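For reference, the structure discussed in these notes is given below.
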Amino acid sequence: MKTLLKGGTVVSGTGLRRADVLMENEKISRISRHLEGADRVVDVSGCLLFPGFIDAHTHFDLDVAGTTTSDDFYTGSRAALRGGTTTVIDFACPNKGDSLHDGLDLWHQKADGKAFCDYGFHMTIDDWNEGIRAELPDMFAAGISSFKMYMTYPAMMIGDRDMYWALKELRRLGGIVGVHCENAGVIDGMIAERKAAGKLSPASHPVTRPPYLEAEAVSRLLRIAQAADTPVVIVHLTNREALREVEAARKRGQTVYVETCPQYLLLDESVYFHDEFSAAARYVCAPPLREKAEQPYLWKALRKGAIQTVSTDHCSFTLEQKAMGREDFTKIPGGLPGVETRGELIYSYGVAKKRISAAQMCKALCENPARLYGLYPRKGLLRRGSDADIVVYDPGASHIIRSEDCIANVDYNPYEGFVTSGGIRQVWLRGRLSVESGRVLVQEPQGQYMARGKRSL
Ligand SMILES: [Zn+2]
């Protein structure tokens, strides 16, 4: 069966061009100015055709702080697909003391047969020893070419020495590491002080995790990466001081990739100072939302290509789960939903507001994550031979984001009331029409595991 998308404008990382797109056997078989001869012709005139979005930072079915994220692979990937994301890369996370193999098995159990979009895993390394080192080649063989380390959270963090050794070994094997950069010790100290002073509300959350302690960790990571002579990815970067550390490392000749997230581009820390607990607690995530004044720096970095990717760090908890921290802000499970709204938000507040171009959006949501995480050219671009993952975006549409319309398994939306410019009309996953006008058409999970290769960015 050949399906032709006719009359649209194809978006790539370099620009736009008017072209028809022919899909056949899950792949794109032709792209050309005028095509005919399909079994089915879909009129997409006036619409932009983006490659299916890739969200390289999700946490589905993750146990955190004595609870589990409200979205599992079933609900999370369904929400992703509705939002135009046809591939997610989730963070596999072995239980403390377990092997990487255990972690990988566990994540396949969570995801296989339950995902509505395609998916891959990064592997979390929260310890470093001979056993883990010996497991790494098997991870690559299993399609895991990227890893995650934490410089904060006592249960997860890896010390400087171990990080240095791990980075060296991953460099040898051709892997890449994404790192959560926040200083652990000083944050702990500040939290203890706030608690001792009886300041236990969510307002203490941003105060105890200031931007300069993120910048400090970014700086230290980049010096460790310099010692190990290897590129690294800074995940969910939030502020200009951290960006300056990245610039300094690049000036030294280091390769540094940076990710940010919609919440840092669009929301700010004022929400934490709301008197009502739930109104503030729902926004708790780490790093926290920052001052509004940081946002123009992030947009500018995105426009200049100093930030390569925009992922969501989707890590959803219901308001009831957030209430676990009613008496103590450190017990609020941290994380925001976002997988369902990223594409429309970045288009509306980036492209439509002329902060970035459609091509730059395509780089940040499609091409760069595909290249960075070894999915390119199967994913991340529209060309002959690539998977027929396509977002048909209607720039003339508009709607208001409301939690009640969203399908992620969470009872609030951080972007409640945001008005979109344009909207997703259709989502095609490997040639199959999967979402139309906000409705998920597919009844059963159809996502495939993506064994990933090496970086090409
Ligand atoms: Zn995360």
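Just checking, how many residues over the stretch 14-24 are free of Cβ contacts under 8 Å to residues at least 40 places away in the same chain, of a type in the set (D, E, K, R) and either within 16 Å of the ligand (Cβ to nearest atom) or in contact with a Lys or Arg (Cβ under 7 Å, 6 or more places away or on another chain) (or both)? Number satisfying all stated conditions: 2. Candidates in the stretch 25-76 are the residues that are among the small types (Gly, Ala, Ser) and more than 16 Å from the ligand (Cβ to nearest atom); of these, the one that is surrounded by the most Cβ atoms within 10 Å (Cβ to Cβ) is 52. Residues in the stretch 236-284 that are of a type in the set (Asp, Glu) and touching a residue at least 24 places away in the same chain (Cβ under 8 Å): 241, 245, 247, 259, 268, 269. The strands (runs of 3 or more DSSP E) falling completely within the stretch 357-454 include none with 3 or more residues that are on the phi > 0 side of the Ramachandran plot. Among (1) open to solvent by less than 10 Å² (accessible area, probe 1.4 Å); (2) in contact with a strand residue (DSSP E or B) (Cβ under 8 Å, 6 or more places away or on another chain); (3) at negative phi; (4) not β-branched (Val, Ile, Thr), which single condition is residue 239 missing? The failed condition is (2).
Would you be able to tell me the number of residues in the stretch 236-265 that are in a strand (DSSP E or B) and within 15 Å of the ligand (Cβ to nearest atom)?
Of the stretch 236-265, the ones in a strand (DSSP E or B) are 256-260.
With within 15 Å of the ligand (Cβ to nearest atom) added as a condition, the list becomes 258-260.
Total satisfying the criteria: 3.
Residues considered: 164, 212, 153, 119. Of these, the only one that is aromatic (Phe, Trp, Tyr), buried (at least 20 other Cβ atoms within 10 Å of the Cβ) and in the same structural domain as residue 313 (by TED's automatic domain parsing) is 119.
Quick one: is residue 305 on the phi > 0 side of the Ramachandran plot, more than 16 Å from the ligand (Cβ to nearest atom), assigned by TED's automatic domain parsing to the domain that holds residue 206 and touching a residue at least 24 places away in the same chain (Cβ under 8 Å)? Yes: the conditions hold for residue 305.
So is residue 322 open to solvent by 10 Å² or more (accessible area, probe 1.4 Å) and out of contact with any His (no Cβ under 7 Å at 6 or more places or on another chain) or not?
On the way: open to solvent by 10 Å² or more (accessible area, probe 1.4 Å): no; out of contact with any His (no Cβ under 7 Å at 6 or more places or on another chain): yes.
Considered against the rule, which asks whether it is open to solvent by 10 Å² or more (accessible area, probe 1.4 Å) and out of contact with any His (no Cβ under 7 Å at 6 or more places or on another chain), residue 322 comes out as no.
Do we find a residue being within 16 Å of the ligand (Cβ to nearest atom), more than 14 Å from residue 421 (Cα to Cα) and not in a helix (DSSP H, G or I) anywhere in the stretch 319-326? The answer is no, given that none of the residues of the stretch 319-326 is within 16 Å of the ligand (Cβ to nearest atom), more than 14 Å from residue 421 (Cα to Cα) and not in a helix (DSSP H, G or I).
The values are calculated or read from the model by the stated rules, or taken from the named source; none is laboratory data. Computed from a predicted model, the values in this text were never measured in an experiment. Glycine also receives a Cβ, built like all others from the backbone with ideal geometry; neighbour counts cover every protein chain displayed. Remember, those area values only see protein heavy atoms, side chains included, never the ligands or the DNA or RNA. Shrake-Rupley method; radii C 1.70, N 1.55, O 1.52, S 1.80 Å.
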